[in-house]
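> Quick one: the structure is below, questions incoming.
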Amino acid sequence: MQKIKKMTAAGTFYPADKNELAKMFKDFENKYDDYQTRAVIIPHAGYTYSGKTAMNALCHLNKNTKNIFIMSPAHYEKIFGCVLCSYDEFETPLGNLKVNTNLCKEFAGICECMINNYAFENEYGIEVQLPFIKKLFPKSEIVPILYGCENFKYLKRAIENFRKNQENSFIISSDLSHFYPAKQAEKTDLYTAKMIENNETLNFDVELACGAVGICAMLDFCKDNGYSFIRTGLTNSSQSTGNSSRVVGYGSWFLYEGDKNQYIKEYHSDTVKEICKNSIMSGLHLGTPESVNSPCVFEQNGISFVTINLSGKPHGRKGTTVPQKTLSEDLKQNAHDAAFNDKNFPPLSLSEFKNISISVSLLSKPKKILFSDEKELLENITPYKDGIIIRDGKYQAVFLPEIWEKYPDTKTFLEELKQTSGLEKTYLSESFEAFKFNTVEIQ
């Protein structure tokens, strides 16, 4: 006889009536790019609070997914390690979801899981994801996993194993900060978001996100493979309740198999250029043009250089080298400064605006080069790939990778960079620092 896990969160966390649920899903609809992933981090609160945030990431989950691993912290049972269940199906208002019992057995062999149906009895961290899955992936099967005090390396090992099958996808179920005043929560959640977006696991704990173990497992996996998490939402319960005294934070991300800047180029190049043009137009009219409806990824920190060409000739360039602003704000500022504050060119005029073209370089986070002498420094620079930043006290300069066309020899490249900063080309000191980065170009 089939063992079916009955709904316990229906009517509280989400509508029990399928028609009401369908209406809510309709309200969650939005415009999304067509990138498809096999891993998301999404919240597990009531749909009124975080349903749209969850949908923003879930809509990117691969449409051909056949098995979905749902990893959630246990909220009601104190458990050690991971636990699985012996249910055959989970009930939802839209119909039951089948448990892939074979994959559950395989998972138990990797993480040495116990069976504990009681831990699943009232567990909303799993259940709130099920109506979404039944709606978006009606033929998929699930592998529900709860964890408590667990070394994230074990979950990472399972992720590495099961991701080899292209039919498998993963949901990491987690809310963010709990019960801080709204302003403190926003600050804390932004800090957590940056950790996720930088694949950082050190000091990432349950105070930042209740699903810290699952999140860290996925972040460590991404770091090993050069993948990135793309933000699709960041909010908290005060946006729904109006009560800012004690809030819960929610965020959502999807895994991109590559660098964030490459994702932006592939799917949002037009938005990058539109942000720059609007900023310049604002400067020309001394007003604020219509704001650009940009995806949430532009709220992640970013570094850019903006170049303006007028009738095909250079007419201004400005950029940053440290990720201190959101990418949206960084683009706005650099576009404005390139148009009006480059001392090598006169400020752009309104009559010239129609004849400009804009190119943007999106920079990776600079990485410090460790060296003991100039020979070792030169050996750590890759021609035509690396952009270089040098710094010593008040002296600083940066060359983008495109400068290699002028100075293809590494020694000459570094000498010219030193002279650009105001230093002698043979200069070197104990306080001299060098950093390298790469760029993604948007023309």
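> From zero up to wherever the largest Cα-Cα distance of the range 367-442 sits, split into 10 Å bins and tell me the percent of pairs in each.
Here the calculated profile for the range 367-442 is 20, 60, 20, 1.
> Between the range 6-53 and the range 80-139, what is the C-alpha centre distance in whole Å?
When both Cα centres are located, 17 Å separates them.
> Taking Rg and Dmax of the Cα atoms in Å as the quantity of interest, determine which of [x] 25.0, 82; [y] 25.1, 86; [z] 21.5, 64 was computed from the displayed structure.
The value computed from this structure is option [x].
> Same structure again: Please determine, in degrees from 0 to 90 and to the nearest 10, the orientation of helix 18-27 with respect to the longest principal axis defined by the Cα atoms of the chain, where the helix direction is its Cα long axis.
The angle comes out at about 0 degrees.
> Using 1/(1 + (r/R0)^6) with R0 = 30 angstrom and r between the beta carbons of K153 and K3, what's the FRET efficiency to the nearest 0.05? Don't jump to the answer; show the numbers that get you there.
Working: r = 32 Å, r/R0 = 1.05.
Plugging the Cβ-Cβ distance into 1/(1 + (r/R0)^6) gives 0.40.
> What's the angle, to the nearest 10 degrees (0 to 90), between helix 101-111's Cα axis and the longest principal axis of the chain?
Taking the Cα atoms of the chain, the angle to 101-111 is about 60 degrees.
> Computed from the mean reciprocal separation of all distinct C-alpha pairs, what Kirkwood hydrodynamic radius does the range 262-363 have, in Å? Kindly include the intermediate steps, with their values, before the conclusion.
Working: mean 1/r = 0.0740 Å⁻¹.
This gives a value of 13.5 Å.
> Then there's this: What is the antiparallel percent of DSSP beta bridges lying wholly in the chain, to the nearest 5?
65
> Sticking with this one: Students often get this wrong: which residues of the range 309-349 have the backbone nitrogen under 14 Å from the point 7 angstrom along Cα-to-C-beta of K406?
314-318, 344
> Moving on. How big, in percent, is the set of alpha carbon pairs in the range 253-296 lying more than 12 Å apart? Can you show the working numbers first?
On the way: 617 of 946 pairs.
Summing the P(r) of the range 253-296 above 12 Å gives 65 percent of all pairs.
> Under 10 Å, Cα contacts only: if you run a Gaussian network model on the chain, which one of T92, T271, T12 comes out with the highest mean-square fluctuation?
In the Gaussian network model the winner is T12.
> I've got another one for you. Could you name the lysines whose alpha carbon sits less than 26 Å from that of K183, not counting residues in the same chain fewer than 8 places away?
K52, K194, K325, K332
> Also, quick follow-up: May I ask you to list the aspartates and glutamates whose Cα is less than 17 Å away from that of K135, ignoring any residue fewer than eight positions away on the same chain?
Qualifying aspartates and glutamates at Cα under 17 Å: D17, E20, D27, E29, E89, E91, E127.
> Only Cα pairs under 8 Å and at least 6 apart count here; give the relative contact order of the chain as a rounded whole percent. All intermediate terms of the calculation are to be shown ahead of the outcome.
Details: 883 pairs, mean separation 58.0, N = 443.
Relative contact order here is 13 percent.
> Please state, as a whole number in µm²/s, the translational diffusion coefficient that the Stokes-Einstein equation yields for the range 134-188 at 37 °C and 0.692 mPa s, with Rh defined as the Kirkwood radius across alpha carbon pairs. Walk me through the intermediate numbers first.
Numbers: Rh = 14.5 Å.
Approximately 226 µm²/s, per Stokes-Einstein.
> Now for a different question. State the extension gain, in nm to one decimal, for the chain segment bounded by D17 and E424, taking 0.36 nm per residue of separation less the distance between their alpha-carbons.
On the way: separation 407, 0.36 × 407 = 146.52 nm, distance 7.45 nm.
Fully extending the segment from D17 to E424 adds 139.1 nm.
> How do K375, K367, K318 line up, fewest other C-beta atoms within 10 Å first?
Numbers: K375 9, K367 12, K318 19.
Placing the least packed residue first, the sequence is K375, K367, K318.
> Right, another one. I need to check one value: relative contact order of the range 4-258, counting alpha carbon pairs closer than 8 Å and at least 6 residues apart, in percent. Don't skip to the answer; put the middle values down first.
Working: 548 pairs, mean separation 67.8, N = 255.
Answer for the range 4-258 is 27 percent.
> Relative contact order for the range 367-442 using alpha-carbon pairs under 8 Å, separation at least 6, rounded to a whole percent? Write out the running numbers ahead of the final one.
Working: 104 pairs, mean separation 30.2, N = 76.
Contact order relative to length: 40 percent.
> Treating only the Cβ of Lys, Arg, Asp and Glu as charged (+1, +1, -1, -1), what charge dipole size does the chain show about its Cα centre? Round to the nearest 20 debye.
On the way: 51 positive and 55 negative charges, 126 e Å.
I would put it at about 600 debye.
Here, each number is a calculation from the coordinates, and none is a lab measurement. Remember, predicted model here, so these are calculated numbers, not experimental data. Please note: Cβ atoms are built from the backbone with ideal geometry, for glycine as well, and neighbour counts cover all protein chains shown.
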